[in-house]
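Q: The structure's right below; bear with me while I get my questions together.
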Amino acid sequence: MKRVILTLSLVAGIALTVIPASAQTLNTVKQRGVLNCGANGTLAGFGLPDPQGNWTGFDVDYCRAIAAAIFDDPNKVKFVPLTAKDRFTALQSGEVDVLARNTTWTSSRDTSLGLQFTAINYFDGQGFLVRKSLKVNSALELNDAAVCVQQGTTTELNLADYFRANRMKLKTVTFATSTEALKAYDAGRCDAYTTDASALYAERLRTTNANDHIVLPEIISKEPFSLAVKQGDDQWADVARWVHFILINAEEFGVTKANVEQQLKSENPEIRRLLGVEGKQGEAFGLTNDFAVRIIKHVGNYSEIFERNLGMNTPLKITRGLNALWTKGGLQYAPPVR
């Protein structure tokens with residue numbers, strides 16, 4: 001039996017050598033001519049199509065950035081709307097090439113689902129939305145409250161943990177989608193609605209009268225969002241990971257959608273490496289050496305994506321907070337291009 005296993009192992013090893021798993025997804029996407037992106041589809045600011053089918057959002061722009069890196073065309077993306085329950089199956093089955101759907105990176109998801117998270121592109125935390133008429137100013141006043149929540153999410157688990165840790169009684173009311181959970185809350189079936197704080201600001205705008213509701217101050221969890229790809233495809237994971245790092249580095253060096261062509265003449269060696277003027281970084285990923293230029297030219301840097309979809313000039317009016325660059329007191333930090 002040991003010999004059989006050894007033989008099979010050698011065959012498997014040879015197969016991996018002949019057809020590297022690391023090249024499969026990128027080559028498939030190139031040959032297909034379009035990136036299949038798993039997105040939210042119902043969350044303003046992160047992923048939402050308009051009535052004409054035009055998608056916008058923070059996560060949406062990440063998929064457009066990957067498409068720009070590969071095709072020099074941010075529109076070569078097929079967005080697949082996914083519920084929280086279906087998102088991992090869609091990625092595991094190959095229905096989508098990348099999952100960009102406000103998904104929290106956790107240890108169990110990282111180890112048991114056959115997925116690989118790429119990098120934290122948004123630092124979030126879970127909060128509560130309540131009616132002002134309830135006269136509640138703190139989540140610690142929600143003892144015995146009925147709370148609407150989307151099932152199958154870390155949100156549901158965090159909710160139970162928070163009430164248990166604070167010795168409060170909880171009536172959990174679960175729904176398959178966030179839309180159903182919010183609708184039930186808005187109809188008065190629950191005292192509170194809980195999800196990621198970033199989403200609460202968007203969801204509040206969808207209630208019957210947004211001014212009747214407030215977001216409570218408590219943040220009860222860490223919710224590091226990341227894109228995810230299938231495990232076992234290192235090159236594809238590197239592409240998704242470094243698209244994020246390119247966006248961060250571009251912001252740090254002041255390279256924007258408007259000035260990227262001019263920055264090609266920069267004498268700063270870090271900018272020259274970032275934009276592929278020097279070095280062969282793009283080829284190492286299976287892309288062209290100007291892939292960063294393609295990304296920035298079409299979608300801008302991290303700050304431009306954030307401000308366009310979530311910032312103070314949008315209906316959500318979310319501040320950068322932890323998502324500011326490390327040079328400005330935040331946590332967003334990218335390895336150097338070298």
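Q: Examine the range 319-336 for a residue that is in contact (Cβ under 8 Å) with a residue 12 or more places away in the chain, basic (Lys, Arg) and either loosely packed, with under 15 Cβ neighbours inside 10 Å or under 12 Å from Ala69 (Cα atoms) (or both), and state whether such a residue exists.
A: The answer is no, given that none of the residues of the range 319-336 is in contact (Cβ under 8 Å) with a residue 12 or more places away in the chain, basic (Lys, Arg) and either loosely packed, with under 15 Cβ neighbours inside 10 Å or under 12 Å from Ala69 (Cα atoms) (or both).
Q: In the list Val29, Val34, which residue meets the criterion of being touching a Leu at 6+ places or on another chain (Cβ under 6 Å), at pLDDT 50 or above and farther than 23 Å from Ser178 by Cβ? Before you say what the answer is, go through the steps one by one.
A: Numbers: Val34 fails: touching a Leu at 6+ places or on another chain (Cβ under 6 Å).
None of the other options fit; the residue is Val29.
Q: So, Phe117, is that one under 25 Å from Asp61 (Cα atoms), aromatic (Phe, Trp, Tyr) and touching a Phe, Trp or Tyr at 6+ places or on another chain (Cβ under 6 Å) or not?
A: Values: under 25 Å from Asp61 (Cα atoms): yes; aromatic (Phe, Trp, Tyr): yes; touching a Phe, Trp or Tyr at 6+ places or on another chain (Cβ under 6 Å): yes.
So Phe117 fits the description; yes.
Q: Within the range 267-281, restricting attention to residues that are at pLDDT 95 or above and not in a loop (DSSP other than H, G, I, E, B), which residue is farthest from Val239 (Cα to Cα)?
A: Pro269
Q: Here is a further query. For the range 120-139, indicate whether the set of residues that are open to solvent by 10 Å² or more (accessible area, probe 1.4 Å) and over 23 Å from Arg204 (Cβ atoms) is non-empty.
A: The answer is yes, given that some residue of the range 120-139 is open to solvent by 10 Å² or more (accessible area, probe 1.4 Å) and over 23 Å from Arg204 (Cβ atoms).
Q: Could you list, in sequence order, the residues of the range 189-210 that are open to solvent by 50 Å² or more (accessible area, probe 1.4 Å) and either without any contact (Cβ under 8 Å) to a residue 24 or more places away in the chain or within 15 Å of Glu156 (Cβ to Cβ) (or both)?
A: Thr208, Asn209
Q: To continue, here is another question. Filter the range 26-85 down to the residues that are in a loop (DSSP other than H, G, I, E, B) and of a type in the set (Ser, Thr, Tyr) and list them by number.
A: First, pick out the residues of the range 26-85 that are in a loop (DSSP other than H, G, I, E, B): 33-34, 40-42, 44-46, 50-54, 57, 72-76, 82-85.
Selection gives Thr42, Thr83.
Q: Taking the options Glu270, Glu283, Glu307, Glu278, name whichever one is open to solvent by 40 Å² or more (accessible area, probe 1.4 Å) and within 26 Å of Phe225 (Cα to Cα). Outline the logic, then answer.
A: Details: Glu270 fails: within 26 Å of Phe225 (Cα to Cα); Glu283 fails: within 26 Å of Phe225 (Cα to Cα); Glu278 fails: within 26 Å of Phe225 (Cα to Cα).
The conditions single out Glu307.
Q: Out of curiosity, is Leu287 assigned to a loop (DSSP other than H, G, I, E, B) and either touching a residue at least 12 places away in the same chain (Cβ under 8 Å) or touching a His at 6+ places or on another chain (Cβ under 9 Å) (or both)?
A: The answer is yes for Leu287.
Q: Return a yes/no flag: does the range 151-166 have any residue that is under 20 Å from Thr42 (Cα atoms), touching a residue at least 12 places away in the same chain (Cβ under 8 Å), touching a Lys or Arg at 6+ places or on another chain (Cβ under 8 Å) and open to solvent by less than 30 Å² (accessible area, probe 1.4 Å).
A: Scanning the range 151-166, I find no residue that is under 20 Å from Thr42 (Cα atoms), touching a residue at least 12 places away in the same chain (Cβ under 8 Å), touching a Lys or Arg at 6+ places or on another chain (Cβ under 8 Å) and open to solvent by less than 30 Å² (accessible area, probe 1.4 Å), so the answer is no.
Q: Now, a different point. With the condition being of a type in the set (Ser, Thr, Tyr), I'd like the strands (runs of 3 or more DSSP E) fully within the range 156-262 carrying at least 1 qualifying residues.
A: 170-175, 192-196, 223-230
Q: Inside the range 97-133, can you point out the residues that are in contact (Cβ under 8 Å) with a residue 12 or more places away in the chain and either out of contact with any strand residue (DSSP E or B) (no Cβ under 8 Å at 6 or more places or on another chain) or β-branched (Val, Ile, Thr) (or both)?
A: Val98, Thr103, Thr104, Thr106, Leu113, Thr118, Ile120, Val130, Ser133
Q: For the range 32-86, how many residues meet the condition of being open to solvent by 50 Å² or more (accessible area, probe 1.4 Å) and aliphatic (A, V, I, L, M)?
A: Final tally of qualifying residues: 1.
Q: Looking only at the range 109-127, count every residue that is of a type in the set (D, E, K, R) and in a strand (DSSP E or B) and tell me the total. Full working, then the answer.
A: Going residue by residue through the range 109-127, those that are of a type in the set (D, E, K, R) are 109-110, 124.
With in a strand (DSSP E or B) added as a condition, the list becomes 124.
Number of matching residues: 1.
Q: Would it be correct to say that Leu316 is in contact with a Gly (Cβ under 7 Å, 6 or more places away or on another chain), closer than 18 Å to Ala65 by Cα, touching a residue at least 12 places away in the same chain (Cβ under 8 Å) and not acidic (Asp, Glu)?
A: Against the criterion (in contact with a Gly (Cβ under 7 Å, 6 or more places away or on another chain), closer than 18 Å to Ala65 by Cα, touching a residue at least 12 places away in the same chain (Cβ under 8 Å) and not acidic (Asp, Glu)), Leu316 does not qualify.
Q: Give just the number: which of (1) open to solvent by 10 Å² or more (accessible area, probe 1.4 Å); (2) in contact (Cβ under 8 Å) with a residue 12 or more places away in the chain does Gln262 not satisfy?
A: That leaves (2) as the condition not met.
Q: Do we have Phe88 as at pLDDT 95 or above, closer than 25 Å to Asn36 by Cα, assigned to a helix (DSSP H, G or I) and under 17 Å from the mean Cα position of the chain (by Cα) here?
A: The answer is yes for Phe88.
The values are calculated or read from the model by the stated rules, or taken from the named source; none is laboratory data. Since this is a predicted model, take the numbers as computed values, not measurements. Note that each Cβ is placed from the backbone with ideal geometry, even for glycine, and that neighbours are counted across all protein chains shown. For the accessible areas, the whole protein counts, side chains as well, though only heavy atoms, and no ligand, DNA or RNA atoms are used. Shrake-Rupley method; radii C 1.70, N 1.55, O 1.52, S 1.80 Å.
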